[in-house]
Amino acid sequence: MNILLVAAEVSPYAKVGGLADMAGTLPRAWSVLGNDVRIVLPLYGNIDKAQFGITKLDLLVSVPFGSWTEYAEVWHGILPDSEVDVYFVRSSDYYDRPGIYGYHDGFEDNDRRFMFLSRAAFEVARALDFKPDVIHAHDYHTAVCMPLLKVQYIHDPFFASTAGVFTIHNMAFQGFFDPLRAMEFCGLPPSDFYSGCWYEHDGCFNAMKSGIMFADKVTTVSPTYAQEIRWTPEGKGLQGALQSRSADVIGVLNGINTSEWDPATDQHITATYTPATLESKTDNKRSLLREVGFADDDVSDDLPVVGMVTRLTEQKGLSILQHALPQHLREGSLRLVVLGSGEHHAENFLRDLEHEYHHHVRFVRGYNEPLSHRIQAGSDYYLMPSLFEPCGLTQMFALRYGTVPIVRGIGGLGDTVEEYDPITVLGTGVRFYDYSADELSRALWRALRLYKQEPHWTHIRRNAMNVDNSIVHTAERYLEVFSWAQEKVR
Ligand code: ADP
């Protein structure tokens with residue numbers, strides 16, 4: 001199958017969150033399964049061209065935009081550890097600046113930047129004579145690929161048998177745009193925009209809604225989230241649109257790259273280990289504690305370490321953490337290591353917490369992939385008390401590293417972490433449901449009771465390590481969805 005994946009983030013080139021992981025790992029897996037996969041993403045100013053062997057092609061594509069035409073250079077690279085061709089769209093007006101979305105509210109011209117990318121993807125495919133069986137678009141940034149396919153490119157014989165699949169990674173970001181600008185950029189008549197049309201929500205052009213309404217199939221990143229966004233406020237106002245497409249909305253659980261995230265071979269960690277050699281986690285724990293700056297005395301005692309690697313936003317449960325953590329730290333029952341960056345108040349809270357509980361807390365501000373591996377390997381528990389979580393990848397990394405996840409059992413967290421039952425000795429972590437500091441505290445106490453309590457401590461960690469969340473299963477499931485989408489255009 002010919003698959004054209006279009007996304008604003010693709011790991012390892014440009015990453016903010018899990019979207020990049022999926023857009024980078026799925027193509028590799030599809031390619032291994034015998035498909036011809038091409039990726040299109042912007043050439044952002046801070047992508048290191050030399051590091052990734054990205055070179056300029058002798059190809060300038062013209063991109064019809066509004067009533068005029070713009071041009072994009074096309075650069076090329078090979079997705080690391082794969083044979084997948086990656087095409088980078090370069091436009092100095094849109095992407096030369098550093099950053100993917102811009103800070104806080106985003107760049108003012110994000111409508112234009114991502115609509116340009118969406119249109120350029122079709123033009124790049126045609127220029128390369130790559131006829132996609134499926135165009136796979138992700139989140140609001142490239143959602144308009146779906147209406148572009150169904151309203152415009154459908155008339156081009158080159159795309160006549162191309163199906164459109166739209167994947168929702170996070171309903172919280174929908175791309176609310178000015179309708180006049182958006183319709184013009186998409187080359188659509190302004191009269192096609194009216195209250196209740198497939199582009200409109202709350203009087204704005206809603207890119208996410210247009211993707212949902214025009215796609216042949218809509219997927220989201222976990223089965224539970226697929227239910228939540230249709231029937232609960234997690235749909236963030238688009239429940240009606242999603243319900244109208246119910247027959248075509250499918251939850252496909254994300255997966256992880258089990259070669260990159262493998263405690264038996266991981267180059268970033270101090271001591272590699274398997275379920276049979278779990279005791280080596282202690283070496284990783286000691287070196288992690290040293291690395292983040294605990295004194296030797298603190299490293300040698302034996303408190304459980306709770307790790308977090310995350311964007312610091314309300315989504316990740318910060319308000320309940322703020323209320324629950326101080327009590328546990330006062331009791332001295334755990335050490336906390338957090339890696340992340342994000343909202344100022346969250347960073348300030350963690351900085352203050354580190355200051356107040358210096359023997360128990362370290363906050364490392366920033367983005368650091370090697371350290372994220374060491375936190376997964378060196379922690380005893382991994383904490384993810386999210387307000388909402390479409391899927392979440394870091395709890396899957398934690399499972400693979402035998403690090404017991406403590407999660408709120410919603411969205412993909414509920415689909416991937418099972419409560420440990422000391423009677424059956426089945427289960428992989430600890431879950432709670434109410435979004436409250438009390439519930440989180442109780443879950444922490446429940447989890448901490450298991451620490452080194454044998455045989456449970458060994459069982460829960462081995463159970464976790466034996467869960468198979470490989471991207472291969474996810475990739476196979478997507479191929480099934482793609483073939484269903486193709487049936488709709490035949
Ligand atoms: P989301 O997409 O909501 O941010 P996910 O759990 O789906 O959450 O994916 C987050 C991805 O980003 C994971 O690969 C995680 O390891 C990575 N990540 C997040 N913050 C950091 C950080 N500060 N340093 C390194 N990796 C990070």
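Bear in mind that the values in this text are calculations on the coordinates, not laboratory data. Because the structure is a prediction, the values reported are computed rather than measured. Here the Cβ positions follow ideal geometry from the backbone for every residue, glycine too, while neighbour counts run over all protein chains shown.
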Original post:
When Lys and Arg each count +1 and Asp and Glu each count -1, what net charge do the other residues less than 10 Å away from Arg446, Cβ to Cβ, add up to?
Top reply: +2
Original post:
Of all trypsin sites (Lys or Arg not before Pro) in region 434-463, which ones are in loop regions per DSSP and have a Cβ with at most 12 other Cβ atoms within 10 Å?
Top reply: Lys452
**OP:** Can you check what the net charge comes to around Asp415, using other residues whose Cβ is under 12 Å from the Cβ of Asp415 (Lys, Arg +1; Asp, Glu -1)?
**Re:** -2
Original post:
Nearest 0.05, what FRET efficiency do Glu454 and Glu476 give at R0 = 30 Å with Cβ-Cβ as r?
Top reply: 0.20
Original post:
Which distance in nm do the two modelled labels at Gln322 and Thr274 give, with both placed 7 Å along the Cα-to-Cβ direction?
Top reply: 4.7
Original post:
What whole number of Å gives the distance from the Cα centroid of region 163-198 to the Cα centroid of region 240-292?
Top reply: 35
Original post:
Using 1/(1 + (r/R0)^6) with R0 = 41 angstrom and r between the beta carbons of Arg446 and Ser195, what's the FRET efficiency to the nearest 0.05?
Top reply: 0.25
Original post:
What is the sum of charges around Lys316, taking Lys and Arg as +1, Asp and Glu as -1, for the other residues whose C-beta is under 12 Å from the C-beta of Lys316?
Top reply: -1
**OP:** Return the calculated 222 nm mean residue ellipticity for the chain, to the nearest 500 deg cm²/dmol, obtained by summing -39500 (n - 2.57) across DSSP H runs with n ≥ 4 and dividing by the residue count.
**Re:** -11000 deg cm²/dmol
Original post:
Which of Lys15/Lys236; Lys49/Lys488; Lys15/Lys488 have a Cα-Cα distance over 29 Å?
Top reply: Lys49/Lys488; Lys15/Lys488
**OP:** Hey, for a label at His355 modelled as a point 7 Å past Cα toward Cβ, could you say which residues of region 277-314 have their backbone N under 14 Å away?
**Re:** none
Original post:
For a paramagnetic label modelled at 7 Å from the Cα of Asp438 toward its Cβ, which residues of region 388-414 fall within the zone defined by backbone nitrogen distances under 19 Å?
Top reply: 408-409
Subject >> DSSP bridge pairs, the chain: antiparallel proportion in percent, nearest 5 >> reply: 30
Original post:
How big is the convex hull of the Cα atoms of the chain, per residue, in Å³?
Top reply: 142
Original post:
Which of the lysines could a cross-linker bridge to Lys285, judged by Cα under 16 Å and excluding same-chain residues fewer than eight apart?
Top reply: Lys452
Original post:
When the chain is fully extended, how far beyond the present Cα-Cα distance does Phe130 get from Thr282, taking 0.36 nm per residue of separation?
Top reply: 49.6 nm
Subject >> Global geometry of region 14-148, whether rounded, prolate or oblate, following the gyration tensor of its Cα atoms and the 1.5 cut on a/c >> reply: rounded
Original post:
Based on the Cβ-Cβ distance of Ser67 and Ser161, what FRET efficiency does E = 1/(1 + (r/R0)^6) give at R0 = 35 Å, to the nearest 0.05?
Top reply: 0.75
Subject >> Compactness relative to 2.2 N^0.38 Å, alpha carbon Rg of region 275-469 >> reply: 0.93
